[in-house]
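As structure tokens, the structure follows; a few thoughts come after it.
The values are calculated or read from the model by the stated rules, or taken from the named source; none is laboratory data. This structure is a prediction, so every number in the text was calculated from the model and none was measured. All Cβ positions, even for glycine, are placed from backbone atoms using ideal geometry, and neighbour counts span all protein chains on display. Ligands, DNA and RNA are stripped out before the accessible areas are found, and what is left, the full protein with its side chains, is counted by its heavy atoms. Shrake-Rupley method; radii C 1.70, N 1.55, O 1.52, S 1.80 Å.
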Amino acid sequence: MPRLPVDRVLGEIRERDLVDLTASLVRIPSVFRPGEPDANERAVARFVEDWLRREGFTVEVQEVAPGRPNVIGWLDGEGPGHTLCLEGHTDVVTEGDPAAWRHPPWSGVVEDGRLYGRGSADMKGGLAAAMVAARAVRRSGARFSGRLMIAALVDEEDGMSGAKHLVTTPLGRAISAAIICEPEQNELCLEQKGVFWTRVMLHGRMAHGAMPYAAVNPITAAGQFLARVPELERRVRRGVRRSRFLGLPYITPTIARAPVGHVAQNNVIPAAAELRLDVRLTPGLEPDAAIGAIEDLARETERRCPGTRVTVEILEAPRPATRVERDEPVVKALEWAVRRAGGRPPVFGGVPGSTDGTILRTALGIPIVTFGPGNRIIPHQVDEHVPVPELLEAARCYGLAALQYLSRHD
Ligand SMILES: [Zn+2]
């Protein structure tokens with residue numbers, strides 16, 4: 001490997017700049033509130049765009065939906081090569097009751113080495129660290145090939161439309177690997193859980209409560225179905241290796257409702273019952289396999305409860321679990337960076353939910369690693385904060401990982 005200008009890159013990453021940039025991003029509220037034209041990611045996206053242009057990045061703004069722009073900035077190296085994307089999202093979740101916060105949610109105040117505010121960890125801190133790291137690579141004058149990209153995307157907290165849009169564009173399709181800068185307390189996460197939600201409808205025949213022989217009772221059928229969910233869960237787990245970080249898949253009933261769509265009465269057997277299942281996937285269990293098993297249970301319930309019709313509806317596109325191998329170049333680059341910049345051995349982990357990385361991994365087939373500053377539990381809570389030392393370590397690791405990854409000549 002060529003000698004890398006490690007010290008020059010690290011020397012361009014200063015805590016003060018990084019804290020200021022993070023605080024500036026936090027101070028621009030970017031909760032998406034439908035119906036309020038200015039309550040979205042636009043203002044913070046504009047800030048990121050201006051910053052990137054000022055720092056010499058080439059920038060493309062992709063209007064994903066009105067007022068909701070993806071901002072992509074990049075630096076091109078000396079020749080063709082791989083494209084490394086440092087990925088973040090600009091939207092944040094609601095602040096809830098501002099009075100419940102120790103510091104106002106849009107303050108970006110630093111106290112005792114922690115920067116507070118909604119989005120400080122999830123994930124304006126990670127985004128700021130990525131921006132400062134990429135700038136450091138540029139300022140260091142380091143030679144590299146390929147492209148170093150910053151992607152600041154919209155709508156991660158809801159439908160992930162920003163990531164879904166990016167993967168359809170030429171810029172997105174050229175990405176070779178990505179580091180997802182979500183708060184994972186600077187652990188290298190090679191796995192992410194997947195999820196889907198399903199509505200199971202049990203249709204029977206309505207009748208008088210005094211004459212159950214005239215009815216097909218969907219509640220009895222729902223009971224039969226529910227009683228077999230633990231067996232269903234065991235069945236889908238068969239052959240799935242327990243993940244060290246994510247455990248095993250879960251199938252959990254979260255809603256049971258009957259009647260559906262009309263008033264509940266003591267003496268009326270309703271026409272239908274509704275169940276919802278929350279299905280959490282781990283690597284090794286494909287959504288289709290779990291859906292197939294749920295369908296099988298639906299058919300079995302129909303056989304056990306003659307006259308009942310059971311339908312299974314998947315409520316939105318399943319997000320599969322993702323895994324990448326430890327010998328992927330992007331993983332090795334980050335592992336090396338943690339040793340060099342963090343002065344410690346890497347810690348491996350898993351992401352309990354899905355991220356924009358799920359979309360990049362599944363749509364593009366590229367390796368992704370999730371690695372970013374902030375406690376894994378803190379997002380979406382009051383008093384969200386990011387520890388400044390972790391923020392700084394993340395930026396240093398991103399800078400060196402980019403340097404290492406883009407100086408490959410294979
Ligand atoms: Zn996030």
Of the GluC sites (Glu not before Pro) in region 78-119, those whose Cβ has at most 12 other Cβ within 10 Å and which sit in DSSP loop: Glu78
The chain: angle of helix 42-54 to the longest principal axis, Cα-based, in degrees nearest 10: 30 degrees
Principal-axis tilt of helix 218-227 within the chain, Cα atoms, nearest 10 degrees: 50 degrees
Cα Rg, Dmax (largest Cα-Cα span) when computed across the chain, Å: 24.4, 85
Nearest-ten-degree value, helix 388-406 long axis tilted from longest Cα axis of the chain: 80 degrees
DSSP-defined antiparallel bridges as percent of all bridges, region 1-156, nearest 5: 65 percent
Heavy-atom surface of region 8-148, accessible at 1.4 Å and reported per residue (Å²): 40 Å²
With every protein chain in place, the chain: carbon and sulfur % of accessible area (1.4 Å): 49 percent
Check: the chain dipole with +1 on Lys, Arg Cβ and -1 on Asp, Glu Cβ, in debye: 1000 debye
Cα→Cβ-extended label distance, 7 Å offset, between Ala100 and Asp278, nm: 1.7 nm
Distance in nm between pseudo-label sites at Arg234 and Asp20 (7 Å out along the Cβ direction from Cα): 6.2 nm
Gain in span if fully extended, Leu315 to Tyr250, counting 0.36 nm per residue against the direct Cα distance: 21.7 nm
Fully extended contour minus Cα-Cα distance, from Thr169 to Lys332, at 0.36 nm per residue: 55.9 nm
Alpha-carbon centroid distance for the pair region 338-372 / region 89-140, whole angstrom: 19 Å
